[in-house]
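See structure below.
The values are calculated or read from the model by the stated rules, or taken from the named source; none is laboratory data. None of the values given here were measured: they were computed from a predicted structure. All Cβ positions, glycine included, derive from the backbone under ideal geometry; neighbour counts span all protein chains shown.
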Amino acid sequence: MVRNLIQVAASLIIMMILSSTVFAGAMNIKGWEKGGKYDSLYDNTDRDVFKGTLLEIKEIKPMADMAEGIALLVKDKEDGEEVLVHLGPKDFVEPRIKDLRPGISVKVYGVLVELDGEFGYMAAKLKAGEGRNYKFRLTKDGSPFWSLSPEELKKEESGL
């Protein structure tokens, strides 16, 4: 009887671990999907780069019915203009940028886009401070990191 109880307890523990792993991996990227309306605004042939100072980290919803996303408000070093830099869906981005703080110098790589008459910047990569790198899209084709398989993502992030 004790043996059966131990087997049942072990099975329950294994099921709890597996289910928490599955739920932890589930991200809300509604509207941010590769090939979607928002993603199609990213023209990988029109990439640009600018330097500035991080003013604020903000939650955004670039289009109706999209999951919450994360953006940075950056003051352009060259002209002093404030630029909203879209990083990606909150569930993907937030855990990766925990060490970013307002006041830090940044270099942003990405594409300038227009949404509802407002210009913004869709980031592919961000360099912050002294040597911190954050990647959000593949350089070769602009594919968002949150659409990669776990194996592809691990490979890309190991090369940061």
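If you go through the stretch 51-61 one residue at a time, do you hit one that is in a loop (DSSP other than H, G, I, E, B), of a type outside the set (S, T, N, Q) and within 14 Å of the chain's Cα centre (by Cα)? Yes, there is a match, as at least one residue in the stretch 51-61 is in a loop (DSSP other than H, G, I, E, B), of a type outside the set (S, T, N, Q) and within 14 Å of the chain's Cα centre (by Cα).
Of note, Lys90 does not satisfy the criterion of being modelled with pLDDT under 95 and of a type in the set (Lys, Arg). Cβ-Cβ distances below 7 Å connect no pair with a first residue in the stretch 101-119 that is within 17 Å of Lys77 (Cβ to Cβ) and in contact (Cβ under 8 Å) with a residue 12 or more places away in the chain, a second residue that is β-branched (Val, Ile, Thr) and part of a loop (DSSP other than H, G, I, E, B), and a separation of six or more residues or different chains. Out of the residues in the stretch 110-160 that are farther than 20 Å from Glu33 by Cα and assigned to a strand (DSSP E or B), state the one that is nearest to the chain's Cα centre (by Cα). Applying the filter and picking the extreme gives Leu126.
Counting only residues that are surrounded by 10 or more Cβ atoms within 10 Å (Cβ to Cβ) and closer than 16 Å to Leu126 by Cα, the stretch 147-159 holds 2 of them. Selection of the stretch 60-71 for residues being farther than 17 Å from Trp146 by Cα and among the acidic types (Asp, Glu) yields only Asp65.
Among the residues of the stretch 1-50, count how many are in a helix (DSSP H, G or I), polar (S, T, N, Q) and modelled with pLDDT of 55 or more. So the answer is 3.
The single condition among (1) surrounded by fewer than 18 Cβ atoms within 10 Å (Cβ to Cβ); (2) under 28 Å from Ala26 (Cβ atoms); (3) modelled with pLDDT under 95 that Gly117 does not meet is (2). Residues that are over 15 Å from Glu33 (Cα atoms) and crowded, with 18+ Cβ neighbours inside 10 Å: does the stretch 98-106 have at least one? Looking through the stretch 98-106, at least one residue is over 15 Å from Glu33 (Cα atoms) and crowded, with 18+ Cβ neighbours inside 10 Å.
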